[in-house]
There are 2 protein chains.
Amino acid sequence: MAKTIKEVIEQIRPLDLNAMERAWARHEMLTKPQRSLGVLEELSVKIAGITGNYMPELKEKVIVTMVGDHGVADEGVSAFPREVTSQMVYNFLRGGAAINVLARHIGARVLVVDIGVAADINLEPEPAAGYLPVGDQSCKFIAKKIAYGTANMTKGPAMSYDDARKSIEAGIEVLDNEMKGGSGIDIVGVGDMGIGNTTPSSAIVAFVTGEPVEEVTGRGTGLDDAGLKAKVEVIKSALKVNKLVKEDANANAIEILAKIGGLEIGGMAGVMLAAASNRIPVVIDGFISSTAALIAYELSPEIKDYLIASHLSVESGHLAILDYIGIEPMFNLNMRLGEGTGATVGISIVEASCKILREMATFEDAGVSEKK
Amino acid sequence: MAKTIKEVIEQIRPLDLNAMERAWARHEMLTKPQRSLGVLEELSVKIAGITGNYMPELKEKVIVTMVGDHGVADEGVSAFPREVTSQMVYNFLRGGAAINVLARHIGARVLVVDIGVAADINLEPEPAAGYLPVGDQSCKFIAKKIAYGTANMTKGPAMSYDDARKSIEAGIEVLDNEMKGGSGIDIVGVGDMGIGNTTPSSAIVAFVTGEPVEEVTGRGTGLDDAGLKAKVEVIKSALKVNKLVKEDANANAIEILAKIGGLEIGGMAGVMLAAASNRIPVVIDGFISSTAALIAYELSPEIKDYLIASHLSVESGHLAILDYIGIEPMFNLNMRLGEGTGATVGISIVEASCKILREMATFEDAGVSEKK
């Protein structure tokens, strides 16, 4: 029996300050000038606080890539056709997508979750391979379809309140099952795939942060100027149709998700909440993943301590989310792909930070003189 | 017989534009929106141009950590005592330093080069271990000592012109020998260790870029305000004593290195020149490593195409160097340790970028629809 959202939120605890203090104390003993590794030191101490272990080890790295379709794609808000969502699922499962390559690079496994793809994913017979040497045994498919995509949010709610709740609970279940089964999870990166999904994300960000729609809407997979302008109008229309204009701004996070969200956004929020409740650090990817973090944060602000922002996306609304939650991105590589790609780079840096804390010699052990 | 600096510089060729064009063409076929991986795409194309291979593979990753002492340390410009330089060499060889941990993390081997340590490095019997599970077979010691540290540059030149030339040639020899011996080098990160070495670096940067000494001088391993002020005066005095004030600004790079440089700075410059002449990409670390890049650049501006800046250091003079050469750092993690630590993070990102180019599926192979 899967946990409810409320049960999960109640299990989220503050950081372990004692572990953090011990981690800082150890950093001072290591053979380097104090604080000379900057963000690497801060990250490792944060992981100590999250895990409760002052010398944490991040062996089991998992990327969860949540996949869903969007009714609003009918409005022409994406440069790519809708069928790309399901086509990319097969690409993930054959190991040919960017997230596969980057997850292999950092030694992470990938869970591809169909939470709302607008087509049946057919695993028998296996999707024809035949292009690249893959052997990507580290990519697993998880069927959690709640609907064949959302409805068009310019005509009414993207989904029912019940489906929005279910999408979050599906994410919780994915994380919890993976925790229990097999080797566990030491750190999770959360990514997305879904043609059209920057549109609901921008809508959510505009409504929650109060920023103008124009400011938080970007080109997604590659809209031109006219396409971008039309996308802004689509979002404004969706906000109006769903009565999410300022004077009605009393919707809770699940209502927001239902009216202008996406199934994969809810799923990612669920993964994040469940990870936090299990003291697992969460590495956010880009814009869509951060929108899910925003939903999770609205449901439970305590999750902030468990979130690590990896890159700053090219999508213009991304910084508004991170500022609203109050977290800083680690780096900016002008990425805007999603899938969890930016999170992989972040996870590798976080893992390195923990190895520093665990593996470096102390001044005493190494016989190195300390600061004068 | 080692190559001369002139011979090496003559072998540095422009980037292979054909390989770069083919790499861009391949990126457009891969299953992602165009340019959606931002800097990762640009890096991979740069590596294609450097190596002449449009699908480059970076298997053999090498960090060269050049170690030298500095006479100017007598002026109290470092927060750590001078003997730390040689103590850290033993720490490197036992695998306990930050660079060992981070090089292991990315699967790189480390070459520790004594080019000017002010003590004999005694390898027999092996430095007593006994603190950490190390087994760090990937760290190799290379003896290239030119002098027991430099002289105090506030009293006269840090070294003779001949020793400055030799330090660069020693770096060339280290890179060339490692290229020939065994498995080769696909990418090299260049780092430093040497108590006091931010002082000659700031002096070089001030002289070459023309920036005021105050602007390009930082706290090194941890000076307080008074220490920083004194360090600025030491640098000004060294520039004056060595007649490197504006009106005499006709010194060539080897003269500059001799008067106000360091042996490890020359050694790193040599490694960079030799790497470029062998079409090997060079990942710069922080401030000292970038000062070496500045010397290499003054000797041969063509090297710019082979340089990849990893992080932006906390040291205030770092950006002045990168701006002068005209390259941009990939990320800023508030690091200031040296040794090559920041370069490891950079190398891992560059390696990831090349895997994207090699391993991702194309739209055609994966049966994914292209942009509308």
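The values are calculated or read from the model by the stated rules, or taken from the named source; none is laboratory data. It should be emphasised that the depicted structure is a prediction, and the values quoted were computed from it without experimental measurement. Note that each Cβ is placed from the backbone with ideal geometry, even for glycine, and that neighbours are counted across all protein chains shown. Note: areas computed on protein heavy atoms with side chains; ligands, DNA, RNA excluded. Shrake-Rupley method; radii C 1.70, N 1.55, O 1.52, S 1.80 Å.
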Select from region A:210-227 the residues that are farther than 21 Å from residue A:263 by Cβ and within 14 Å of chain B (Cβ to nearest Cβ) and write down the one among them that is surrounded by the fewest Cβ atoms within 10 Å (Cβ to Cβ).
-> A:226
When the residues of region B:104-124 are filtered to those that are more than 29 Å from residue A:352 (Cα to Cα) and of a type in the set (Asp, Glu), which remaining residue is most open to solvent (accessible area, probe 1.4 Å)?
-> B:124
Where in region B:183-302 are the helices (runs of 4 or more DSSP H), entirely inside, with at least 3 residues that are within 30 Å of residue B:62 (Cα to Cα) and among the polar types (S, T, N, Q)?
-> B:198-209, B:287-299
Residue identified as open to solvent by 10 Å² or more (accessible area, probe 1.4 Å), touching a Ser or Thr at 6+ places or on another chain (Cβ under 7 Å), at the interface with chain A (Cβ under 10 Å from one of its Cβ atoms) and not basic (Lys, Arg) among B:75, B:83 = B:83
Please specify each residue of region A:305-327 satisfying the condition of being open to solvent by 10 Å² or more (accessible area, probe 1.4 Å) and among the β-branched types (Val, Ile, Thr).
-> A:314, A:327
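Table: residues versus (1) within 21 Å of residue A:45 (Cβ to Cβ); (2) of a type in the set (Ser, Thr, Tyr); (3) in contact with a helix residue (DSSP H, G or I) (Cβ under 8 Å, 6 or more places away or on another chain).
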| residue | (1), (2), (3) |
| --- | --- |
| A:287 | no, no, yes |
| A:290 | no, yes, yes |
| A:296 | no, no, yes |
| A:299 | no, no, yes |
| A:302 | yes, no, yes |
| A:306 | yes, yes, yes |
| A:312 | no, no, yes |
| A:317 | no, no, yes |
Condition broken by residue A:334, with the remaining ones in (1) within 25 Å of residue A:212 (Cα to Cα); (2) surrounded by 24 or more Cβ atoms within 10 Å (Cβ to Cβ); (3) touching a Leu at 6+ places or on another chain (Cβ under 9 Å); (4) facing chain B (nearest Cβ under 10 Å) satisfied = (2)
Could you list all residues from region A:338-372 that are open to solvent by 10 Å² or more (accessible area, probe 1.4 Å), more than 7 Å from chain B (Cβ to nearest Cβ) and within 30 Å of residue B:34 (Cβ to Cβ)?
-> A:338
Can residue A:279 be described as buried (at least 24 other Cβ atoms within 10 Å of the Cβ) and charged (D, E, K, R)?
-> no
Within region A:77-96, count every residue that is in contact with a Leu (Cβ under 9 Å, 6 or more places away or on another chain) and in a loop (DSSP other than H, G, I, E, B).
-> 5
Which of the residues spanning region B:157-182 are open to solvent by less than 10 Å² (accessible area, probe 1.4 Å) and assigned to a loop (DSSP other than H, G, I, E, B)?
-> B:158
Could you please tell me which pairs satisfy a Cβ distance under 7 Å, a separation of 6+ or placement on different chains, a first residue in region A:44-57 that is within 7 Å of residue A:19 (Cβ to Cβ), and a second residue that is at pLDDT 95 or above and among the hydroxyl-bearing types (Ser, Thr, Tyr)?
-> A:48/A:54
Residue in region B:36-59 that is nearest to residue B:182 (Cα to Cα), counting only those that are among the acidic types (Asp, Glu) and open to solvent by 50 Å² or more (accessible area, probe 1.4 Å) = B:57
Does any residue of region A:285-299 turn out to be farther than 25 Å from residue A:333 by Cβ, open to solvent by 10 Å² or more (accessible area, probe 1.4 Å) and at pLDDT 95 or above?
-> yes
Answer yes or no: is there a residue in region B:46-63 that is within 14 Å of chain A (Cβ to nearest Cβ), outside any loop (DSSP other than H, G, I, E, B) and either farther than 21 Å from residue A:106 by Cβ or out of contact with any Gly (no Cβ under 8 Å at 6 or more places or on another chain) (or both).
-> yes
Is at least one residue of region B:13-35 within 13 Å of another protein chain (Cβ to nearest Cβ), part of a loop (DSSP other than H, G, I, E, B), touching a helix residue (DSSP H, G or I) at 6+ places or on another chain (Cβ under 6 Å) and open to solvent by less than 10 Å² (accessible area, probe 1.4 Å)?
-> yes
Which one is nearest to the other protein chains (Cβ to nearest Cβ), of the residues in region B:312-327 that are among the small types (Gly, Ala, Ser) and part of a loop (DSSP other than H, G, I, E, B)?
-> B:313
Those residues of region B:109-138 which are at pLDDT 60 or above and not in a strand (DSSP E or B) amount to B:117, B:118, B:119, B:120, B:121, B:122, B:123, B:124, B:138
Would region B:187-209 turn up any residue that is among the polar types (S, T, N, Q) and surrounded by fewer than 24 Cβ atoms within 10 Å (Cβ to Cβ)?
-> yes
Identify the single condition in (1) without any contact (Cβ under 8 Å) to a residue 12 or more places away in the chain; (2) of a type in the set (A, V, I, L, M, F, W, C); (3) within 26 Å of residue B:113 (Cα to Cα) that residue B:159 does not satisfy, given that it satisfies every other one.
-> (1)
Subset of region A:328-350 (residues that are touching a residue at least 40 places away in the same chain (Cβ under 8 Å) and either part of a loop (DSSP other than H, G, I, E, B) or of a type in the set (A, V, I, L, M, F, W, C) (or both)) = A:330, A:335, A:336, A:337, A:338, A:339, A:340, A:343, A:345, A:347, A:349, A:350
Please give the number of the condition residue B:230 fails out of (1) within 14 Å of chain A (Cβ to nearest Cβ); (2) crowded, with 21+ Cβ neighbours inside 10 Å; (3) of a type in the set (A, V, I, L, M).
-> (2)
